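Data block below; observations after.
Nothing in this text is a laboratory measurement; each read-out follows from the coordinates by a stated rule. Predicted model only: the values in this text are computed from it and were never measured. A quick note on method: Cβ atoms are made from the backbone with ideal geometry, for glycine too, and the neighbour counts reach across all protein chains shown.
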Amino acid sequence: ADPSGRDDLGRGRGLRRPPVMSVATLPRTLAREVRPGEDVRLQGAVQTVRALGGLVFIVLRDRSGMIQVVAEGEVDLPREAVAEVVGRSRADERAPGGVEVQATEITVLARPAVRLPFDISKPLLHASLETVLDHRALSLRHPRVAAVFRIAAALAGGFRDHLDCGGQQRRSGR
């Protein structure tokens, strides 16, 4: 124990929390795999950041989905920055997926090199077709745009399955 009365998180004794595993030994967790009560290490892109009453709510996106992260104080995280978050998960029905992570450590791994041409966190993508196509890698991160391609991929997969069977009905129940 630290003689100053502070734990390893720099907080007073009254705010003591369970210790978090060392980042070196804590494996990366995907957003969809987080369960309440776990120590987690997440890596992903910042979807949104909202500051409310001394708390900062960050929605972090990785290849599996999105998860809400809660941090205390100020956090300098622009949209689409890549960050690593270490913390403890807990159940919260207001959070996307019903689980949020209380951050004990946030590390910015990369920041966007230029100002983003549109906001992918809004329900609708407000940009011209030219802008959307010029920045296709970014526009594909928007949920509605990505959904179009997921549907197209499922349709193409269905056609491929049908043609692979020589036009015969599959017997596997599909």
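Key figures for this structure:
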read-out: Subset of the stretch 121-138 (residues that are under 23 Å from Glu84 (Cα atoms) and out of contact with any Asp or Glu (no Cβ under 8 Å at 6 or more places or on another chain)); value: Ser121, Ala137
read-out: Close pairs (7 angstrom Cβ cut-off, 6 or more residues apart or separate chains): touching a residue at least 40 places away in the same chain (Cβ under 8 Å) in the stretch 94-111, surrounded by fewer than 14 Cβ atoms within 10 Å (Cβ to Cβ) and part of a strand (DSSP E or B) anywhere; value: Val99/Ala91
read-out: Any hit, the stretch 107-114, residues being crowded, with 17+ Cβ neighbours inside 10 Å and under 25 Å from Ser139 (Cβ atoms); value: no
read-out: Matching residues in the stretch 86-113 - criterion: being part of a strand (DSSP E or B) and either among the small types (Gly, Ala, Ser) or in contact with a Gly (Cβ under 8 Å, 6 or more places away or on another chain) (or both); value: Gly87, Arg88, Ser89, Arg90, Ala91, Val101, Gln102, Ala103, Thr104, Glu105, Ala110
read-out: Residue in the stretch 114-128 that is in contact with a Phe, Trp or Tyr (Cβ under 8 Å, 6 or more places away or on another chain) and in a helix (DSSP H, G or I) present; value: no
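Conditions (1) in contact with a strand residue (DSSP E or B) (Cβ under 7 Å, 6 or more places away or on another chain); (2) not β-branched (Val, Ile, Thr), marked per residue:
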position	(1), (2)
Asp62	yes, yes
Arg79	yes, yes
Val85	yes, no
Asp92	yes, yes
Pro112	no, yes
Ile120	no, no
